[in-house]
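Working notes, beginning with the structure itself.
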Amino acid sequence: MRIKADLMLLFVALLWGSAFAVMRVAAGHNTIFLLNGSRFLLGGLLLLPFSKPRGAIRVGNFLFIFLAGFALFAAVAFQQAGLATTTAGNGGFITILYVVIVPLILWVGWRQRPSLRVGLAVGLAVVGGFLLSTAGTYRIAPGDMLIFVGSFFWAMHVVVVDRARGRINSLPFAAGQYLICGLLSLGAGALFERPTAADLLYVLPAVFYTAVFSIAIGFTLQVIAQKYTPANDAAIILSAEAVFAALFGWLFLHETLLPVQIVGCALIMLAVPLVQFRNGKIEP
């Protein structure tokens, strides 16, 4: 079952990577919160008929659902805001810095102290992210910084899902976190955004695509797979979304990377497996 779970996570990475190109097209139309709220609420509603819990759900488990939904709310908000001023490829590679952040959260929150190799991985990832973002100009793009902040919330989400496994069935957990994220996003959109009818019509395809594929299917498969794959291992597999994001950005948006940015990507991709490497082999 572990192999099936890992392959499931790789498929999730492909779905998420493709969503970067879609969301890049939809970015910049004054609909960050309303776009995210619509697609997550729709994703939750699509999943709701299949999400009847088996047995009673403990009250304490609702905290995990809320924390997962809040982490998604913050992560996608920063990510979508950042995509307005950066490329899908950049967004994908910077987002996967959560792979390095996950062990740090486990250290601070659960005293799982990271090793020297994790410290080295953090250094590589920071340098790689800097080269990718600045492209040799030594000035970080605002969009890249926003996506970097969002990577902390993606890391939080991976940890929350890991801590919740075994406490609540996968589908009710998944639907619950989507609805929380959707409601928080729509509430923020009602307070801060005033899009035009043209803006809403423009982002409609992105709402439907991401609601079905990256949310209803992708995040649900993540929750199911993480019942069998630990948080650190899941993070490294999901980091493949950066490669798929760059691929889809190149295929459909004609995005390219400068040589110095390719070096930055290489350093990030080197840092990712280094987090998992122990005693001469990748941790099982």
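The distance separating the Cα centre of region 174-233 from that of region 107-158 comes to 23 Å.
Dipole orientation for region 2-282: of the candidates Leu201, Leu120, Ile268, Leu120 has the Cα lying most toward the positive pole (charges on Cβ; Lys, Arg +1; Asp, Glu -1).
Placing unit charges on the Cβ atoms only, positive for Lys and Arg and negative for Asp and Glu, gives region 111-179 a dipole magnitude near 340 debye about its Cα centre. Highest mean packing comes first when the peptides 140-147, 20-27 are listed by Cβ atoms within 10 Å, giving 20-27, 140-147.
Helices meeting the span-like rule in the chain (full DSSP H runs, Cα extent of at least 15 Å along the helix axis, mean Kyte-Doolittle score of 1.6 or higher): 32-47, 61-83, 98-110, 116-134, 241-253, 259-276. Net charge around Asn90, counting only other residues with Cβ within less than 15 Å of its Cβ (Lys, Arg = +1; Asp, Glu = -1)? Taking every other residue near Asn90 into account, the sum is -1. Given region 2-282 reduced to its alpha-carbon atoms as identical point scatterers, what log10 I(q)/I(0) does the Debye formula return at q = 0.10 Å⁻¹? Treating every Cα as an identical point scatterer, log10 I(q)/I(0) equals -0.48. For the chain, a simple Cβ point-charge model (Lys and Arg +1, Asp and Glu -1, everything else neutral) yields a dipole of about 920 debye relative to the Cα centre. When the chain is treated as a Gaussian network with alpha carbon springs shorter than 10 Å, the biggest mean-square fluctuation among Ser133, Ser170, Ser51 belongs to Ser51. When only Cα pairs below 8 angstrom with a gap of at least 6 residues are kept, the chain shows a relative contact order of 42 percent. Highest mobility in the GNM of the chain, judged by mean-square fluctuation with C-alpha springs under 10 Å and restricted to Ala88, Ala216, Ala188, is found for Ala188.
When only alpha carbons of region 1-152 are considered, Rg and Dmax amount to 17.6, 57 Å. Per-residue ellipticity at 222 nm, computed for the chain from helices alone with -39500 (n - 2.57) per DSSP H run of at least four residues, works out to -24500 deg cm²/dmol.
Among Pro205, Pro230, Pro103, the residue with the largest mean-square fluctuation in a Gaussian network model of the chain, with springs joining Cα atoms closer than 10 Å, is Pro205.
Read the figures in this text as sums done on the coordinates, not as results from a lab. The structure displayed is predicted, hence computed values, not measured ones. Cβ: placed from backbone, ideal geometry, glycine included. Neighbour counts: every protein chain shown.
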